[in-house]
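The values are calculated or read from the model by the stated rules, or taken from the named source; none is laboratory data. Quick caveat, the model's predicted, so the values are computed rather than measured. Because the Cβ atoms are built from the backbone with ideal geometry, glycine has one as well, and the counts that use them run over all protein chains shown.
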Amino acid sequence: MIDGWAGHWEMLKDWLEISQLASSSQEEKPEWQIPQVPLPEPLKHSVLSIGNFDGVHLGHRDLFAYARGCAHPGQKVIAVTFDPHPRALLRPKDTGPPLLTLMRKVEKLKKNGVDQVVVFRIDTAFLDIRAQDFFDAIIRGILNPARLIEGNNFCFGRKREGTISRLGELCEVSGIKLDIHPGLTDDDGWISTSRIRNFLIQGDVAQARRLLGEPHETEAEVIPGAQRGRTLGFPTANLAQPQTLVPAIGVYAARAILHDGTTHGAAVNIGPNPTFGEDAFKIEAHILDYSGDLYGKLLRLDWIDRVRGPIAFSSIEGLKNQIQTDLSQIRAILEKSQAKS
């Protein structure tokens with residue numbers, strides 16, 4: 001048992017979730033308990049990797065391609081991840097939004113060689129588990145894989161006290177094979193979530209797309225706006241604040257995936273409208289060659305490239321002329337991108 005955390009597992013539609021048991025008393029401090037009901041038989045003795053996997057970038061995909069190659073016939077490949085990100089609990093003020101929602105992360109993992117995703121719903125008590133206890137109760141006791149695949153910088157347990165070398169020692173004693181995946185690099189270094197995050201903060205969605213292997217995406221509900229785009233002749237779909245990281249302010253070429261699954265090109269403005277003296281942050285998407293009511297529906301934007309930064313125009317006519325220029329450039333970017341894919 002582990003003081004401070006008690007867990008039970010539940011098979012949801014898209015992933016297996018392990019979460020904290022509610023305490024019967026606010027004063028009662030629960031303990032971690034290995035689930036009394038065994039995990040599903042097909043998930044035992046798997047090839048498994050533990051990580052946050054935010055973005056499911058090319059490095060993650062390479063790891064799971066390796067895991068798939070290691071798996072014997074009938075043996076499952078499992079990704080174990082955490083929600084929320086541990087950093088969001090330890091340093092919430094310094095932690096930005098994730099690159100992906102949990103649902104989209106699970107979907108992308110399953111498209112890239114993973115048979116099942118195990119999600120630990122964690123809190124600060126979970127992060128206080130010592131490395132030895134983490135291995136005994138979680139890795140060996142609950143997950144019980146035949147093979148673990150981790151990166152060289154993998155750490156586990158309270159204050160990251162469990163190193164990859166310590167994990168190797170524990171796995172050897174327990175009969176679990178440990179592979180250290182070398183990661184994936186390009187000319188500028190390791191492909192990592194932090195590099196992708198920095199590109200997005202700078203507005204370089206094209207470089208982020210290169211490291212992700214596909215466009216970064218933003219999904220949110222379409223909400224009513226000021227209708228200003230419509231009066232200018234360029235109606236826009238205004239998105240509610242997303243749960244995930246939004247690129248830097250500016251004008252972008254994107255692909256819009258509508259609620260019915262259809263895809264359209266889109267010209268998107270992120271940020272305020274300085275021409276009209278507004279400072280409110282907005283995401284406004286002009287869907288190319290589309291007319292219809294999107295209010296209350298989900299809209300996903302796949303970011304292709306940044307066209308320009310924000311400009312305050314001295315006249316409405318100047319703004320309209322710039323929009324026409326932007327649209328011509330965006331159509332060219334989208335056509336070129338489509339040809340490459």
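Run down Phe120, Phe199 and say which single residue is buried (at least 18 other Cβ atoms within 10 Å of the Cβ) and in contact with a strand residue (DSSP E or B) (Cβ under 8 Å, 6 or more places away or on another chain).
On the way: Phe199 fails: in contact with a strand residue (DSSP E or B) (Cβ under 8 Å, 6 or more places away or on another chain).
One residue alone meets the criteria, Phe120.
Pairs please, first residue from the stretch 316-338 and surrounded by 15 or more Cβ atoms within 10 Å (Cβ to Cβ), second anywhere and assigned to a helix (DSSP H, G or I), Cβ atoms under 7 Å, 6+ apart in sequence or on different chains.
Correct list of pairs: Leu319/Thr275.
When both residues are 6+ apart or on different chains and their Cβ atoms are under 7 Å apart, which pairs have a first residue that lies in the stretch 173-196 and is touching a residue at least 40 places away in the same chain (Cβ under 8 Å), and a second that is among the hydroxyl-bearing types (Ser, Thr, Tyr)?
Hits for this filter: His181/Tyr66; Ile191/Thr185.
Could you list all residues from the stretch 111-131 that are part of a loop (DSSP other than H, G, I, E, B) and under 30 Å from Gly213 (Cα atoms)?
Passing the criteria: Lys111, Asn112, Gly113, Val114, Asp115, Ile122.
Condition check: part of a strand (DSSP E or B) and either free of Cβ contacts under 8 Å to residues at least 60 places away in the same chain or farther than 30 Å from Gly168 by Cα (or both). Does Ala208 satisfy that?
Details: part of a strand (DSSP E or B): no; either free of Cβ contacts under 8 Å to residues at least 60 places away in the same chain or farther than 30 Å from Gly168 by Cα (or both): yes.
Spelling it out, it is not the case that Ala208 is part of a strand (DSSP E or B) and either free of Cβ contacts under 8 Å to residues at least 60 places away in the same chain or farther than 30 Å from Gly168 by Cα (or both).
A quick yes/no check of all residues on (1) in the same structural domain as Ile18 (by TED's automatic domain parsing); (2) acidic (Asp, Glu); (3) under 18 Å from Glu17 (Cβ atoms):
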{"site": "Glu107", "(1), (2), (3)": "yes, yes, yes"}
{"site": "Val119", "(1), (2), (3)": "yes, no, yes"}
{"site": "Gln132", "(1), (2), (3)": "yes, no, no"}
{"site": "Phe135", "(1), (2), (3)": "yes, no, no"}
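I'd like to check something: does the stretch 185-195 contain any residue that is closer than 18 Å to Lys44 by Cβ and either in the same structural domain as His45 (by TED's automatic domain parsing) or modelled with pLDDT under 95 (or both)? Before you say what the answer is, go through the steps one by one.
Step one: list which residues in the stretch 185-195 are closer than 18 Å to Lys44 by Cβ, which gives none.
Checked against the condition, which is being closer than 18 Å to Lys44 by Cβ and either in the same structural domain as His45 (by TED's automatic domain parsing) or modelled with pLDDT under 95 (or both), the stretch 185-195 yields no hits at all.
Could you check the stretch 213-244 and list, in sequence order, the residues that are of a type outside the set (A, V, I, L, M), free of Cβ contacts under 8 Å to residues at least 60 places away in the same chain and on the phi < 0 side of the Ramachandran plot?
Let us first name the residues in the stretch 213-244 that are of a type outside the set (A, V, I, L, M), namely 213-219, 221, 224-225, 227-231, 233-236, 238, 241-244.
In the following step, the residues that additionally are free of Cβ contacts under 8 Å to residues at least 60 places away in the same chain were identified as 225, 227-231, 235-236, 238, 241.
Scanning the stretch 213-244 gives Gly225, Arg228, Gly229, Arg230, Thr231, Pro235, Thr236, Asn238, Gln241.
For the stretch 97-110, which residues satisfy the criterion of being crowded, with 21+ Cβ neighbours inside 10 Å, in a helix (DSSP H, G or I) and in contact with a strand residue (DSSP E or B) (Cβ under 9 Å, 6 or more places away or on another chain)? So that I can check it myself, show each step before the final result.
Step one: list which residues in the stretch 97-110 are crowded, with 21+ Cβ neighbours inside 10 Å, which gives 98-100, 105-106, 108-109.
Now drop any that are not in a helix (DSSP H, G or I), which leaves 105-106, 108-109.
Correct list: Lys105, Val106, Leu109.
Looking at the structure I just gave you, is Glu169 at pLDDT 95 or above and either surrounded by 17 or more Cβ atoms within 10 Å (Cβ to Cβ) or over 30 Å from Leu143 (Cβ atoms) (or both)? Spell out how you get there, then give the answer.
On the way: at pLDDT 95 or above: yes; either surrounded by 17 or more Cβ atoms within 10 Å (Cβ to Cβ) or over 30 Å from Leu143 (Cβ atoms) (or both): no.
Considered against the rule, which asks whether it is at pLDDT 95 or above and either surrounded by 17 or more Cβ atoms within 10 Å (Cβ to Cβ) or over 30 Å from Leu143 (Cβ atoms) (or both), Glu169 comes out as no.
For the stretch 231-341, which fully contained strands (runs of 3 or more DSSP E) count at least 1 residues that are closer than 21 Å to Glu214 by Cβ and aromatic (Phe, Trp, Tyr)? I'd like the intermediate steps shown before the answer.
Details: elements: 237-239, 250-257, 263-270, 283-287, 298-308.
Ranges flagged: 250-257, 298-308.
Pick from Ala254, Ala285, Ala267: which is surrounded by 14 or more Cβ atoms within 10 Å (Cβ to Cβ), among the aliphatic types (A, V, I, L, M) and either touching a helix residue (DSSP H, G or I) at 6+ places or on another chain (Cβ under 7 Å) or outside the structural domain of Thr231 (by TED's automatic domain parsing) (or both)? Before the answer, list the steps.
On the way: Ala254 fails: either touching a helix residue (DSSP H, G or I) at 6+ places or on another chain (Cβ under 7 Å) or outside the structural domain of Thr231 (by TED's automatic domain parsing) (or both); Ala285 fails: either touching a helix residue (DSSP H, G or I) at 6+ places or on another chain (Cβ under 7 Å) or outside the structural domain of Thr231 (by TED's automatic domain parsing) (or both).
Going through Ala254, Ala285, Ala267 in turn, just one is surrounded by 14 or more Cβ atoms within 10 Å (Cβ to Cβ), among the aliphatic types (A, V, I, L, M) and either touching a helix residue (DSSP H, G or I) at 6+ places or on another chain (Cβ under 7 Å) or outside the structural domain of Thr231 (by TED's automatic domain parsing) (or both): Ala267.
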